[in-house]
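**Q** Take this structure, written in structure tokens, and hold onto it; I'll ask about it next.
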Amino acid sequence: MKPRLRRVLAFALLVSLILSGCGSFTNAEQLDYSETIYADGTYPVGQTFYASFNGLTGIDVYLEPPNDLQSEVTLHVRQTPHDTTDLASARLPADRLNGPGYYRFSFPAIKQSTLKGYYFFIAVADPDTIVVKAGPGAGYVDGSAYRDHEPIDQQVAFRLAYDIPQAIGGLLLEGLRWIYFLLVMIFLYVLPGWVMLPLALPSVKSTVWFSRVALSAGVSLAVYPILFLFTHIIGIRAGAFYAWVPGGAALVYLLYPLWTRRKTLLPLKIRLPKLTAEGIALFFVVSLIIFSRFWVIRTVNAPFWGDSYQHTMITQLLIDHKGLFSSWLPYADLHSFTYHFGFHAATVVFHWVTNLGAIQSTLWVGQILNILAVLVVYPMAVRFTGQCWAGVVAVLFAGLLSNYPMYYVNWGRYTQLAGQVILPVAIVMIFEAFEREKADYRLAIGTGIVLAGLGLTHYRILILVALLLLARGIFLIGTTPKYKFLFRNMVVMGASAGIVFLPWFINVYGGVLLNRTISIWTSGATATTGQGAAVPVDAVGLESYYPLSLWLAAILICLVVFWKRERELSSFILWFFFSLVLVNNHWLGLSIYENIGNFTILIMAYLWIGVVFGAGIVWLMQVVKLDHARWAGVALILPVFLVATLGFKDRITVLDPIKHSLLTRPDEKAMAWIDQNLPEDAIFLVNSFLAFRGSSAVGSDGGWWLPVAGHRSTTLPPLLYDIEEGPRPDYKAWVNLLTAAIEGSGVTSPEVQQMLKERGVTHVYIGQQQGRVNNSGTVLDPLKLAEDTFFRIVYHHDHVWVFEILQK
């Protein structure tokens, strides 16, 4: 059974059992039983694991009992493999074990078991032997199989059973935590923009309230990096004030009318949204979107893949410095900071309010932005069509039917996600500026500030705005706008953005990022699919991201839009086409490369496709004359509920920790041991490989995270060593040289061992994922290191190995 299908069935089973009032439910953990481990009276077989819910009350283990089994089979539950005291135990008599299959070992429920680590083992009495079925070591990231209480490179086939009342109690407490995070989201990412947006766009006060909420999120996110930048310029490191002042000031502003009326009998007029069919449908869709984003990470200990590592490190540095910084010490030997930092500013303020650590803050803010990046599609769809149902359909598609942006959680592609929250706000404000028949300096300045915030959040997305202006300008042909006022608005907008962004531009110009961008401007056109190697743009097909039938349907709707001469929506669609041409300029016989690939454009295509499908539904309603029927809204609710539920089922299965997780719980446990037992000046060799056509070294297991999670240096800096300044002019080549040498000769070769000595490397770390994340090439083999006298094992739990390098 596929892992995705197992997770769907587990979630459905949990819901159905809760509703039916059964005593327990089973959650699949590791179901591969293609391998065999033998347990006998001398060598018991065990497994470490982490529980996902409260009330752990049973463990199902796949056994193949022999026909002549005489003794009972006992399962012991302990805290760790080295403990001697049972937390629980259960026995099955020999006559109850008939044939291969899962056998339940039940015991009194363990309270508060959520995210707690445990160890169980199966034992029989001599002379009996029983087969415990297992899968490969890579099949489960939170533990390992054990034989005679020593880890082996396998995973026992097992399932966990939970007491339903206790599991529900734990989930209700988690729900309260989720509500708290949503309140923090509103405080940090909605309230500041809610107050500031009308200053530039007064008409937003009369727009659909949900549009204003979504647009406010983009404005808020744009403001934080600007605030960090200008306080840094004047020498202020505000720390937690960055978090509390914007939201607090907005809250005071909104509550002030209540204070002024406290001694009067005059009621404060609060206009609540009307209860409409489209409002009910939107509420249901948004609820499922929020639940899906939070549910998938409820048991995740750290964000996934390499991007998340550098984002977490930048977040930690902002925390440490209480603002912007230039030196990456003590986490990396880098001495410039030119990377866009809007996402990290948003994450840091979340940390200062919730007190979550940098690792968990990065994970949760990433998912909060995954929600907001969907919600901001709504105001665009409503603006272009004038219909709220278009916004509902757009949000439904982007949030529950499209694989993106939900799949970003596997990549840690959070800076682009943050930019995609701000981008729709810039689009709405730019289009509004095009509609003005007089100079509107407030709107122009406000739009410029939003664009500057977008630039500080994601450079590549800011580049696309120029194409948006071109696309919108083309549809001025044939009209009679007041070009003088439009020109003034555009000049003030550009000047405002330039002035705000200028200090950071100077900082970038002084670093290597701009030089690198210029140097690759004329290189061969390629695209990248994330952390892995780059591929030619011609190899990236549209059907790799969405089904071909969906693209054809979208194109058909686009043709209708052009035929109906809807200028704003047509220019929005043309903008997507221009973006594709930009990254595939070889179609025009050009050899320019703009550091934006098909991958970047197509994983954000949900913005365009969602709006297009929203417009298509509105057009279809008009064709069948449902747009004015009173019962039409009620009739649409049921299909929306059904489609949203089906989409929700797919979205909660997107998480793929085996493929994308670097820092696992066994890694965190090992790093806690390292932090307590090894010297502070220890330097670790970690698994790495050359990615991006061999241009940069990246990590392939939890060892990459050692500087942040274990407070020890490694041979591998974060990926941004590619653009930042290192301690030596040839730092990038120097870092890559060690990875290339290991790939070419192996870590046990005399040449590599000499390099390790020269670089002062004292230890080797092999993580739970064994260097296999996104890497099909060379990995550090712990068995080979164990046989080499140059290395000595100092730690081995689960699949994590730590070796000391001995001086010969």
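The values are calculated or read from the model by the stated rules, or taken from the named source; none is laboratory data. What you see is a predicted model; the values in this text were computed from it and never measured. Neighbour counts are summed over all protein chains in view; Cβ atoms, including those assigned to glycine, are modelled from backbone coordinates with ideal geometry. Accessible surface is based on the protein model in full, side chains and every heavy atom, while ligands, DNA and RNA are left aside. Shrake-Rupley method; radii C 1.70, N 1.55, O 1.52, S 1.80 Å.
**Q** Taking 7 Å along the Cα-to-C-beta vector as the label spot, tell me the W259-L275 distance in nanometres, rounded to one decimal.
**A** That separation, rounded to one decimal, is 3.5 nm.
**Q** To continue, here is another question. For the chain, give the share of DSSP beta bridges that are antiparallel, in percent and rounded to the nearest 5; count only bridges with both residues there.
**A** Given both bridge residues lie in the chain, the antiparallel proportion sits at roughly 95 percent.
**Q** Considering only protein heavy atoms, what is the solvent-accessible area of E435 at a probe of 1.4 Å, reported in Å² to the nearest 10?
**A** The accessible area of E435 comes to roughly 90 Å².
**Q** Additional query: Run the Debye formula on the Cα coordinates of the chain, all scatterers equal and no solvent, and tell me log10 I(q)/I(0) at q = 0.10, 0.11 1/Å.
**A** Debye output, listed in q order: -1.13, -1.32.
**Q** While we're here: Tell me, rounded to the nearest percent, the portion of alpha carbon pairs in the range 317-471 spaced more than 27 Å apart.
**A** In whole percent, the long-distance tail amounts to 32.
**Q** Follow-up question, since we're still on this one. For D142, D86, what's the largest-to-smallest order of accessible area, 1.4 Å probe?
**A** Ranked list, largest accessible area first: D86, D142.
**Q** Beyond 23 Å, how much of the Cα-Cα pair distribution for the range 170-260 remains, as a whole percent?
**A** 35 percent
**Q** Which percent of the accessible heavy-atom area of the chain goes to carbon and sulfur, probe 1.4 angstrom?
**A** Ligands and nucleic acids excluded, carbon and sulfur give 62 percent.
**Q** Also, I was wondering about something else. Sorted from largest down, what three extents in whole angstroms do the Cα atoms of the range 87-216 have along their principal axes?
**A** Principal-axis extents of the Cα atoms in the range 87-216, largest first: 83, 32, 25 Å.
**Q** Counting only residues 5 or more places away or on other chains, whose amide H sits under 5 Å from the amide H of F105 once H atoms are built in the peptide plane?
**A** Amide H to amide H, under 5 Å and 5 or more residues apart or across chains, F105 pairs with I59, D60, V61.
**Q** While we're looking at this one, here's another question. Placing unit charges on C-beta atoms (Lys and Arg positive, Asp and Glu negative, everything else neutral), compute the dipole magnitude of the chain about its Cα centre in debye, rounded to 20.
**A** Here the size comes out at about 4220 debye.
**Q** Checking a compactness column here: for the range 147-207, what do you get for Rg(Cα) / (2.2 N^0.38 Å), N being the number of residues?
**A** My calculation over the Cα atoms of the range 147-207 gives 2.27.
**Q** Compute the normalised compactness of the range 425-472: alpha-carbon radius of gyration over 2.2 N^0.38 Å, N being the residue count.
**A** Compactness ratio reported: 1.12.
**Q** Using 7 Å Cα-to-Cβ label points, what is the K757/D68 separation (nm, one decimal)?
**A** Once both label points are built, they end up 5.8 nm from each other.
**Q** What fraction, in whole percent, of alpha-carbon pairs in the range 192-330 exceed 27 Å separation?
**A** Counting pairs separated by more than 27 Å, the tail of P(r) holds 46 percent.
**Q** Note the per residue figure in Å³ for the convex hull of the C-alpha positions in the range 724-763.
**A** Spread over its residues, the Cα hull of the range 724-763 gives 81 Å³ apiece.
**Q** Ok, one more. Can you tell me the accessible area per residue over the range 659-808, all protein chains present, probe 1.4 angstrom, in square angstrom?
**A** Here the per-residue accessible area is 39 Å².
**Q** For the range 679-808, what are the per-bin percents of Cα-Cα distances with bins 10 Å wide, up to the bin holding the maximum?
**A** 13, 48, 34, 5
**Q** Measure up K205/K649; K274/K649; K205/K274; K564/K625 against 26 Å on the Cα-Cα distance and list the ones that go over.
**A** Correct reply: K205/K649; K274/K649.
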